[in-house]
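Just so you know, all these numbers are worked out from the coordinates, no wet-lab data involved. Keep in mind the model is a prediction, meaning the values are calculated, not measured. Because the Cβ atoms are built from the backbone with ideal geometry, glycine has one as well, and the counts that use them run over all protein chains shown.
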Amino acid sequence: MAHSITITAGAVEVSAELNDTTTAEAVWNALPLSAFGNTWGDEIYFRIPVAAEPEDLQEVVDFGDLAYWPPGSALCIFFGPTPASRGDEIRPASAVAVIGRITGDAAQLRQVSAGMTVTVTQA
């Protein structure tokens, strides 16, 4: 069963839905989370207290995807190209497990800057 979550940073709030993977369930069970966000191009990421063996790693993701990045035990939120992107693709630093996607307006995440507190809660 998919789970609905809310991601908040400053005045920005977006809705998202986690998928039905084991990794997504581990993230759901760790909520609520709050951390200082890092940015890398049009990506926000931060370490989370989840150590998972992710399934179905991908080297390219879609606009609005939420992913788990195994090397950094991090939650990644993608809303555009990163420095590793080629052309219009959205490419993480290394392969990630997509665990959900933004259901609201992911473009508003461009207002979030590095160091802002990002909070993820069950909706």
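A few points about this structure:
- Relative contact order for the chain: 37 percent, from Cα pairs under 8 Å spaced at least 6 residues apart, divided by residue count.
- For Ala95, no residue 5 or more places off, or on another chain, has a built amide H under 5 Å of its own.
- Put simply, the amide H of Ser85, placed in the peptide plane, has neighbours under 5 Å in Arg91, leaving out anything fewer than 5 places away on its chain.
- Near Phe78: Cβ cut-off under 10 Å, other residues only, Lys/Arg at +1 and Asp/Glu at -1. The net charge is -2.
- Environment charge at Val112 (Cβ cut-off 12 Å; Lys +1, Arg +1, Asp -1, Glu -1): -2
- Among 85-94, 39-48, sorting by the average number of other beta carbon atoms lying within 10 angstrom of each residue, highest first, gives 39-48, 85-94.
- Debye-sum result for region 11-123 in log10 I(q)/I(0), which assumes one identical scatterer on each alpha carbon, at q = 0.21 Å⁻¹: -1.19
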